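Just so it is clear, none of the values below were taken in a lab; they were calculated from the coordinates. Small disclaimer: the values here were computed from a predicted structure and weren't measured. All Cβ positions, glycine included, derive from the backbone under ideal geometry; neighbour counts span all protein chains shown.
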Amino acid sequence: MNNMNLIEAKNLTLRYGKKTALNDVSVAVPKGRVVGLLGHNGAGKTSLMKALVGLLPVQGSLSVLGLEPTKNRQQLLTELSYIPDVAVLPRWAKVHELITLMSQLQPKFSAERARTLLKRTSVSENDKIKSLSKGMVAQTHLALIAAIDAKLMILDEPTLGLDVISRKSFYEMLIDEWCDGERSVLISTHQVEEVEALLSDVIMLDEGRVALSISLEDIDRRFVALNHDPAAADAMAAAHPLLRYREQGRTTSLFDGAPPEHITSLGQRVRPSLVDLFMALTRNPALNNKQA
Amino acid sequence: MTPTWTDQAPIYQQLADRLAVQLLDGSPPEGEALPSVRALASQYVINPLTVTRALQALSDHGLVESRRGLGMFVMAGARERLLRHEREQFLQKDWPALRAKLKRLGLTAKDLNWEST
């Protein structure tokens, strides 16, 4: 299991009636990565995550932690940390009761570790869930599942509805307490700008298909964003950029691969931002077809 | 979320630049250890791999060195080298533009306040 990918998905397809939720999705997640799963609403993020934990049967070949999710669901659920998109902790419960409950349900859960993690937060063990703010509930939930001795964490929109401070505390705890170079985490979100610096890799879904699956390091290498004067706009357009956008009076053209030298010299190379790339690859279906 | 990263350079490069500015201010001093990769990742809320790349960039410039099992340390003479580099950068890149602006505004050295910090 040492050099195996934690997640290995090949040609996953999932249909609900006539709607295709996942269309020939192939992705791999090695160890030690922070992978962002990006997509607009309905792009298939939640379906993919549910398939990964064995909650939805899919066509294709799928291995998670070396297990087949639908066949080995019970075992799998004890070996990974998962927060579903409709995550709710029981409102009536006290935090210490949840710790006891987790100890009974999860063989790999450490109550001691959960208590240590909770000390980072302002949540106390005697607090009732219903007395906590949304941000505190999210932190409690993260503390509970990060106390499972697992190799993989799957978070479906974990910061939805949280204010900016709570989101920051959430991600701080994740980086601090989970990311140790061995464990990986898959996070779905559409707050693309915010998670960009956090990620090592990104998977973009568009209408059930993988629009892009790449490391952030490779994004800097593969995609070229050129900042240029309006006068160069026609020349840039002729070189078929993926996207052009305006910012502070200058225009940026985003290319997949280096454009010809005479084009490159017309602009100044800037960092292609994840949100621009996301817009370019998931907004316009025609461009996506060309991409594939 | 703080801090914000611009689109002018890769994030690891921007972090390396920030750390270099701190080194120039003597934080941490030469011979002392830098915060760990995890501490920096948590402080800036960025991926640990990005931090590693930033530290590698500083190491490539001879500013920090890795001591096995102990982490990264500021090298002797790092501040001096950094200062020399920054001065050169200023004189070559920033000064011509600044000089042109001063000329345009008709400002000379005696019009400028050199005292306040």
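Taken together, B:Glu32, B:Glu80, B:Glu88, B:Glu65 contain a single residue that is more than 15 Å from the chain's Cα centre (by Cα) and without any contact (Cβ under 8 Å) to a residue 12 or more places away in the chain, which is B:Glu65.
Just to be sure, is A:Ala138 aliphatic (A, V, I, L, M) and touching a Pro at 6+ places or on another chain (Cβ under 7 Å)? When the stated conditions are applied, A:Ala138 passes them.
Residues in the range A:183-203 that are in a loop (DSSP other than H, G, I, E, B) and within 11 Å of another protein chain (Cβ to nearest Cβ): A:Gln191, A:Leu199, A:Ser200. For the range B:5-31, the set of residues classified as among the small types (Gly, Ala, Ser) and either closer than 13 Å to A:Ala197 by Cα or outside any helix (DSSP H, G or I) (or both) consists of B:Ala9, B:Gly26, B:Ser27, B:Gly31, listed by residue number. When the helices (runs of 4 or more DSSP H) confined to the range A:1-118 are screened for residues that are without any contact (Cβ under 8 Å) to a residue 40 or more places away in the chain and surrounded by fewer than 21 Cβ atoms within 10 Å (Cβ to Cβ), those reaching at least 3 such residues are found at A:73-79, A:95-105.
If the condition is being outside any helix (DSSP H, G or I), away from chain A (no Cβ under 14 Å) and touching a strand residue (DSSP E or B) at 6+ places or on another chain (Cβ under 7 Å), then the range B:32-62 contributes B:Glu32, B:Ala33, B:Leu34.
Can you find even one residue in the range A:204-215 that is facing chain B (nearest Cβ under 9 Å), within 13 Å of the chain's Cα centre (by Cα) and among the hydrophobic types (A, V, I, L, M, F, W, C)? No, the range A:204-215 contains no residue that is facing chain B (nearest Cβ under 9 Å), within 13 Å of the chain's Cα centre (by Cα) and among the hydrophobic types (A, V, I, L, M, F, W, C).
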